[in-house]
1. May I ask you to compute the full-extension gain from residue 58 to residue 36, defined as 0.36 nm times their residue separation minus their alpha-carbon distance, rounded to one decimal in nm?
2. Given H placed 1.01 Å from N in the peptide plane, which residues other than close sequence neighbours of residue 157 have an amide H under 5 Å from its amide H?
Amino acid sequence: MGSAVAIPNSLIASGTLAHVTGDNPAPYPVRLYMQETNKFRWEEDLPEGPVATVINGEKAQSQSVSATDSLAPWQVGGKRLENFPMFLLARWLNANSTQATFVGQETIDGQMRNHISVVEPWQQRRPPDPWRRDGNRGHYEIWIDPVSSLPARLRYYQDTDDAQLFSLVPMEMLYSDFHNIGAPYFPSL
């Protein structure tokens, strides 16, 4: 497969972010710097003060005026490549061992979607640990709008620090309001 337009390998973006749930749903300024597919810096101007989240591969930390703390992988869920479905799709299309299966068409929230299941074998442990329930490592479920061919929803499995019962929990991203910035499309989450 090929594309007439190359997907960039870095990104600088700014805007506002609002959490739909929580104590303070008011939007606040945010800046994002991405390099390659595994280095991210989120700068958020929160009401309680500025916070930067730095992600470098599997390591992450939170930096504020008062402290710098290491973060576990589950604490940076939603701040990696899953925020940028076009980069995620490009990674899958450029990998030699990605396995994709068309599951079928499904109706979700009254809208017809194409459901595709993707497995990144390099993320999976061999064999999976049945006590930690990590068999879904490297599994993604993506639903694509058949009219626009743009991603609408993504489900993936995020690491946790829970060594007792679960090592992975399902996370879901909903994509909408795509904007053309240069060549690739980027969604508002």
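1. Working: separation 22, 0.36 × 22 = 7.92 nm, distance 1.37 nm.
Here the segment from residue 58 to residue 36 would lengthen by 6.5 nm.
2. 138, 139, 171
Just so you know, all these numbers are worked out from the coordinates, no wet-lab data involved. Just so we're clear, the structure is a prediction, and the values are computed from it rather than from any experiment.
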